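Chemist: Before I ask anything, let me first share the structure, which is written out below as structure tokens.
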Amino acid sequence: MAKGVDGGSSSRGKSAKTSNGAGKPRKAQRAKPAPAESPPAEAARPSKKAKATAAPKKAKRARAEAASEESLEPSVAPAEEESHAEASLRAEVEAAAEGEFPDEELPPPPAQPEPEEEEEAALALGLDEEEERIEPEPPRDTFEPEPAHAGSIGSEPMPFAAKAMGALVLARTVVEQGLRTGGLGKLFGAARGIVKAVSSGLGASGSREVDAYGKDPELAESLSPIARFLYERYWRVTAEGAQMLPNGPAIVVANHSGALPFDGPVLSHAISRERPELPEARWLVEDQIFYAPFVGTLFNRLGAVRACPENLLRLVSEHRPVIVFPEGAQGTGKSFRERYQVKRLGRGGFAKLAVRAGVPIVPVAVVGAEEALPMLGKLPGRALGLPELPITPGPLPAKWSIRFGEPIETQSLGWAASDDPKTIQRIVEQTRESIEGMLQALLKERRSVFGG
Amino acid sequence: MADAEKKTGLRVAVTGATGDLGGLLMPLLEADPGVRSVLALDIAKPRDHEKIEYRRIDLTFHDAERELVAALTEQPVDVLYHLAFLFGPRRNVAFAHEVEVAGTMRVLSAAAEVKLPRLVLPSLTVVYGAQPSHPALLTEDATLRGCPSSRFVSDKLEVERQVEAFRARNPGTNVLLLRFGPIVGPHVDNPATRLLQRRLVPTVLGFDPLWQAIHEDDVGQALHLALRTEATGTFNVVGRGAMPLSGMIRAAGGVPLPMPEPMVRGLLRGLSASGVKIVPLGLLDYLHYSWVADGSRAEKELGFVPRFHTSEAVAALRRS
């Protein structure tokens, strides 16, 4: 037995390799194929070769003489295996059902279907009908090996096309298996997402479904592996205090930073994770990004909305948390030296709209965006009419920390207060202090930029 | 209005009865049992029907106003549809201006003189202009920016201003102005359909503006609804949903070709000059920036619910 195993391992390997493509579905049915493969395989090859060269009649005689399935392996063996397996199954069923259903028609004996299957199989090989009438072999324990070559029976020049097909099928199966599981699959998914993102940015996405604001759900889905990786592993985002977000609409005010405004999508993702019951949070981007070719279109497809009062009010009326960055381009445009300095919160437009709509303001501090996409400089393109491109060494693996602050209620103030500059100023100051306080606290707690 | 209908049926007059919009409305009026008669005012004779009476009136003719007043006094109507508009930009800009702006002026003066009860006019959402500073959905009260580089759009803006002035001076007339989104369908011909019916469509690299489209059947339905509605004012009449331009091109069976802007300009100029059917250079902004109008007011007040989504409307182009 051991000898057989040793001696046969090489041939088993060979036959396994070449027959894998067709063999896989059969694996379930093979009970003990491995050890017995080798001797029949060795014996089969010479006989196959003999068959190929012999004339049909001679071949028939040779087959009759051999009186073994080996010469018909390629097509018959699978059929035989099936019928053998079916036969054993039927036998079991019969044994189990004996006496319970005496009237049940007994299944036909295993021998009968075999000639038909053999006929079909042999017809496929182009043999005459008479020559295929092979006496059915008694079922054996040993299973014949899978055909080493698809066209090795009878049909003349071993067609290269068939060999190539077999190899292609094998390759495809291997690739499919690889793609379905493991790192290769994820890599392909990520690459596909990036390709879709690039095509969206160029303006050739061809996506047929976007929402009213321009967000493409298919793009978001195809980028979700990358998004998850960035959120969980690369940037290791942690968010605290998300319970402070009210259940209805809210205006979430955060500090703005980073050469590219990724703090918007990260914050939106954080809110979806921490408070999944809330409707999806949308974020507003400043015109400098929104108007830019490629980047503007891409961010719009990712879900960014242009920062203007109409859009803010419409989003708020949909009962969403709306993330705004009142610093605007001043936040993203400031150099790395000025990081974490909160610039002027715009003209207070967010406060005015919050009071008008009676919606609470939730201050949020975001730490990590400055270092993840540090703004080292800008390409001076304005003279040429090009938008100013930021110089940044790509997304770095800084650790992000997000802290939500106490909401600032505006409902009690009443609609008329939105026209009172003092009230608005007070609210803006309150928001700014809250954000700055949380930023200082987070920066103090942070031990290292990349480690957290 | 309801009384008039109950007694004998509505009497309707339609200018531009053989035009694009007229062609969508006339069959519905013919089939409507509540419509007693249709007075078709156009330079070409429409299809024969027992309800239709034809009067030849050329709105570019300087005396057209007098003829209109005569026609409307002879047979007073309950509703006048002024649909004598061009489907798209014309090379002969003087003629286009004459038809749209001067023609409308004459119609409005005639309407004022006969004290018309109701007036329905079409406009297009192109009057909002295509700007990067637009909100995501344009409502009817948004500022009309238009497109300074396109005479076609400027003419439409002029028409809208005339209508506003008319409303102010004639409060007794119920004026309904319907701003249609890009109309697509197998029987209409305008810059939008010409663009989308191409196999290779040039677009601006790096930009993918949001567009919308309304199916021609929905346009007919909206015009028909305008017959009996009590609502007055300006309404956006658009299909459901919005799509990026590249998506629309694909839905119509074409392939978007993003190119840098200077190249697109050159290509459009060259193609228009050589007579190929494509969107004229002046309307390039609409390939650049989004211009999606909000149709919810029409739904609420006019009761107009589009049957076709933008993608379905554009797909109808593909089959044609």
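Chemist: With the condition kept exactly as written, say whether any residue in segment A:411-427 is closer than 17 Å to A:N255 by Cα, touching a residue at least 12 places away in the same chain (Cβ under 8 Å) and over 44 Å from the mean Cα position of the chain (by Cα).
Modeler: Within segment A:411-427 (the criterion being closer than 17 Å to A:N255 by Cα, touching a residue at least 12 places away in the same chain (Cβ under 8 Å) and over 44 Å from the mean Cα position of the chain (by Cα)), the answer is yes, since at least one residue qualifies.
Chemist: Would you confirm whether any residue within segment B:75-92 is among the hydrophobic types (A, V, I, L, M, F, W, C) and out of contact with any helix residue (DSSP H, G or I) (no Cβ under 8 Å at 6 or more places or on another chain)?
Modeler: Checked segment B:75-92: at least one residue is among the hydrophobic types (A, V, I, L, M, F, W, C) and out of contact with any helix residue (DSSP H, G or I) (no Cβ under 8 Å at 6 or more places or on another chain).
Chemist: From B:A111, B:A142, which residue is of a type in the set (A, V, I, L, M, F, W, C), within 14 Å of chain A (Cβ to nearest Cβ) and either in contact with a helix residue (DSSP H, G or I) (Cβ under 9 Å, 6 or more places away or on another chain) or on the phi > 0 side of the Ramachandran plot (or both)?
Modeler: It is B:A142.
Chemist: Just name the residue that is nearest to B:V305 (Cα to Cα) out of those in segment B:198-218 that are more than 14 Å from chain A (Cβ to nearest Cβ) and surrounded by 19 or more Cβ atoms within 10 Å (Cβ to Cβ).
Modeler: This residue is B:D218.
Chemist: Quickly run through segment B:33-57 and pick out the residues that are more than 15 Å from B:L83 (Cβ to Cβ) and of a type in the set (D, E).
Modeler: Scanning segment B:33-57 gives B:D48, B:E50, B:E53.
Chemist: Let me ask something additional. Across segment B:126-157, what is the number of residues that are farther than 21 Å from B:A298 by Cα and crowded, with 17+ Cβ neighbours inside 10 Å?
Modeler: Here the count works out to 10.
Chemist: On the basis of being surrounded by 13 or more Cβ atoms within 10 Å (Cβ to Cβ), touching a Gly at 6+ places or on another chain (Cβ under 7 Å), closer than 21 Å to A:G241 by Cβ and at pLDDT below 90, does A:E388 make the cut?
Modeler: Criteria not met by A:E388.
Chemist: Which one of these does B:A112 not meet: (1) small (G, A, S); (2) under 24 Å from B:V238 (Cβ atoms); (3) outside any loop (DSSP other than H, G, I, E, B)?
Modeler: (2)
Chemist: Additional query: When you look at A:V252, is it of a type in the set (V, I, T) and not in a strand (DSSP E or B), yes or no?
Modeler: Spelling it out, it is not the case that A:V252 is of a type in the set (V, I, T) and not in a strand (DSSP E or B).
Chemist: Which of the strands (runs of 3 or more DSSP E) contained wholly in segment A:274-373 include at least 1 residues that are within 14 Å of chain B (Cβ to nearest Cβ)?
Modeler: The strands (runs of 3 or more DSSP E) meeting that bar are A:282-285, A:321-324.
Chemist: In segment A:270-291, what residues are under 30 Å from the mean Cα position of the chain (by Cα) and surrounded by 20 or more Cβ atoms within 10 Å (Cβ to Cβ)?
Modeler: If the condition is that a residue be under 30 Å from the mean Cα position of the chain (by Cα) and surrounded by 20 or more Cβ atoms within 10 Å (Cβ to Cβ), then A:A270, A:I271, A:A281, A:R282, A:W283, A:L284, A:V285, A:I289, A:F290 are the ones that fit.
Chemist: Sticking with this structure for a sec: Among residues belonging to segment B:231-289 that are of a type in the set (K, R) and either free of Cβ contacts under 8 Å to residues at least 40 places away in the same chain or at positive phi (or both), point out the one that is farthest from the other protein chains (Cβ to nearest Cβ).
Modeler: B:R269
Chemist: Same structure again: What is the residue count in segment A:204-252 for residues that are away from chain B (no Cβ under 14 Å) and either basic (K, R) or farther than 22 Å from B:S133 by Cα (or both)?
Modeler: Summing the residues that are away from chain B (no Cβ under 14 Å) and either basic (K, R) or farther than 22 Å from B:S133 by Cα (or both) in segment A:204-252 gives 32.
Chemist: Hey, another quick one. Just one of (1) in a helix (DSSP H, G or I); (2) polar (S, T, N, Q); (3) within 20 Å of the chain's Cα centre (by Cα) trips up B:S290, so point out which.
Modeler: Going through the list (1) in a helix (DSSP H, G or I); (2) polar (S, T, N, Q); (3) within 20 Å of the chain's Cα centre (by Cα), B:S290 breaks only (1).
Chemist: Here's a follow-up. Has segment B:72-91 got any residue that is within 24 Å of B:F235 (Cβ to Cβ) and assigned to a helix (DSSP H, G or I)?
Modeler: The answer is no, given that none of the residues of segment B:72-91 is within 24 Å of B:F235 (Cβ to Cβ) and assigned to a helix (DSSP H, G or I).
Chemist: Look through segment B:293-313, keep the residues that are assigned to a loop (DSSP other than H, G, I, E, B) and of a type outside the set (A, V, I, L, M, F, W, C), and return whichever of them is nearest to the other protein chains (Cβ to nearest Cβ).
Modeler: Restricting to residues being assigned to a loop (DSSP other than H, G, I, E, B) and of a type outside the set (A, V, I, L, M, F, W, C), the top hit is B:D294.
The values are calculated or read from the model by the stated rules, or taken from the named source; none is laboratory data. These numbers were taken from a predicted model, which means no experiment stands behind them. FYI the Cβ positions are ideal-geometry reconstructions off the backbone, even for glycines, and counts take in every protein chain you see.
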